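Note sheet for the following structure.
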Amino acid sequence: MKVLQIATNIISKYLPIWIVLLSVIAYLAPELFIHIRGLTGAALGTIFLLMGLSLSTDKLIAIIKNPKFACIGVFLKWTLNIVVAIGIAYLFFRDEAEIATGIILSGTVPSGTSANIYTFMAGGEVALSITMATMDTFISPVLTPTLVQVFAGKLIPIAFWPLFLNIIYIVFLPLLAGLFIQWKWTKRVEVIKPYTSVLSQLALFIVILSVISSAQQSLQQNLSVLPLVFAAGVFQVCIPMVGGYIISKLLKVAEPNARAILFHTGICNTALAATLAMEHVSSLAAVPAVANMVINLTVGALAASLFENKFKISERDNRIAASE
């Protein structure tokens, strides 16, 4: 058990390094991962299943009874990300339809599971983070295909129903299954709960290896545009992240809740976006999502580390958050 705990800590603590390392390996040797490319959807579904298993029902009920901050976070995520994504796509990639579609898709998917991890590291309210992610997951089957159809449909024709059903299978059903299993077999799930975070990260590793190895040819063929795509990704992550935090503070949201909203607005599930892009648009459309995935994990880790080491939350802030 001690060895397992050490391994878990190493994976969690150095998550951004693992992400970058695995990304480089998948790019340099894509042929090694041909056999796992078909596991992308299953790995993503596993992440959402584990999210359902790890939800704290007591805190979830408390937030449901007072959903103000969850609604603020979800509203900011879906407005800031959409505005920034559409602005970047139309300003810088109007003549690159597939890349523009990938950027829009990257801004119209649910929040990333790493947002929950980074919220915990930063001392934010994890129950709020998970609640917002759950709300995202329930509304994204409608919002994601609709927004992509409306704003990217003019660039590349995208079928609504296949995209909608894909999100239902990958996101909605696994999350509901996790909640049902937790309700039906509560005591057995308690044994698994301490490991849901690291299991999610391992599933994410499979997604990264699969996505990047699948998109390797497109990445290699479009090396000339990658600097601009990565620069766009930095703006696409940082503007919503900073904006979500500032607006939260202006609305007098307590610091733990504001930090949860910061990661929720800045980190989208771009692994899902890359999967959807490859299945419904093209491998080139997945390039912005792959770039965004690396960026949001790295920036998120840096922000969480900064909060954890330089700006620890006081007991007073925690009491304020608990009383709101």
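Restricting region 186-210 to residues that are among the aliphatic types (A, V, I, L, M) and out of contact with any helix residue (DSSP H, G or I) (no Cβ under 7 Å at 6 or more places or on another chain), the residue that is modelled with the highest pLDDT is LEU202. Can you confirm whether region 41-54 contains a residue that is over 30 Å from THR131 (Cβ atoms) and part of a helix (DSSP H, G or I)? No, the conditions are met nowhere in region 41-54. The set of residues from region 97-135 being of a type in the set (Asp, Glu) and within 21 Å of PRO145 (Cβ to Cβ) comprises just one member, GLU98.
Contact map, region 236-264: residues that are touching a residue at least 40 places away in the same chain (Cβ under 8 Å) and on the phi > 0 side of the Ramachandran plot paired with residues that are aromatic (Phe, Trp, Tyr) and not in a helix (DSSP H, G or I), Cβ distance under 9 Å, separation 6+ or inter-chain. No pairs are found.
All of ALA89, ALA26, ALA70, ALA85 fail the test of being closer than 21 Å to LEU209 by Cα and among the aliphatic types (A, V, I, L, M), apart from ALA26.
Residues checked against (1) in contact with a Gly (Cβ under 9 Å, 6 or more places away or on another chain); (2) over 15 Å from GLN217 (Cα atoms); (3) of a type outside the set (Lys, Arg); (4) surrounded by 24 or more Cβ atoms within 10 Å (Cβ to Cβ):
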site: ALA260; (1), (2), (3), (4): yes, yes, yes, yes
site: PHE263; (1), (2), (3), (4): yes, yes, yes, yes
site: ILE267; (1), (2), (3), (4): yes, yes, yes, yes
site: THR275; (1), (2), (3), (4): yes, yes, yes, yes
site: VAL281; (1), (2), (3), (4): yes, yes, yes, no
site: LEU284; (1), (2), (3), (4): yes, no, yes, no
site: VAL287; (1), (2), (3), (4): yes, no, yes, yes
site: MET293; (1), (2), (3), (4): yes, yes, yes, yes
site: ASN296; (1), (2), (3), (4): yes, yes, yes, yes
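Test ALA231 against the stated conditions and say whether it is within 21 Å of the chain's Cα centre (by Cα), modelled with pLDDT of 80 or more, farther than 30 Å from VAL24 by Cβ and surrounded by fewer than 16 Cβ atoms within 10 Å (Cβ to Cβ).
no
Being out of contact with any His (no Cβ under 9 Å at 6 or more places or on another chain), surrounded by fewer than 21 Cβ atoms within 10 Å (Cβ to Cβ) and in contact (Cβ under 8 Å) with a residue 40 or more places away in the chain is a condition met by no residue of region 99-114.
Residues in region 145-159 that are among the hydrophobic types (A, V, I, L, M, F, W, C), surrounded by 14 or more Cβ atoms within 10 Å (Cβ to Cβ) and at pLDDT below 80: ALA152, LEU155, ILE156, ILE158. Can we say TRP183 is over 29 Å from GLU255 (Cβ atoms) and out of contact with any Pro (no Cβ under 9 Å at 6 or more places or on another chain)? When the stated conditions are applied, TRP183 passes them.
The values are calculated or read from the model by the stated rules, or taken from the named source; none is laboratory data. Remember, predicted model here, so these are calculated numbers, not experimental data. As a convention, Cβ positions derive from the backbone with ideal geometry for all residues, glycine included, and neighbour counts pool all protein chains shown.
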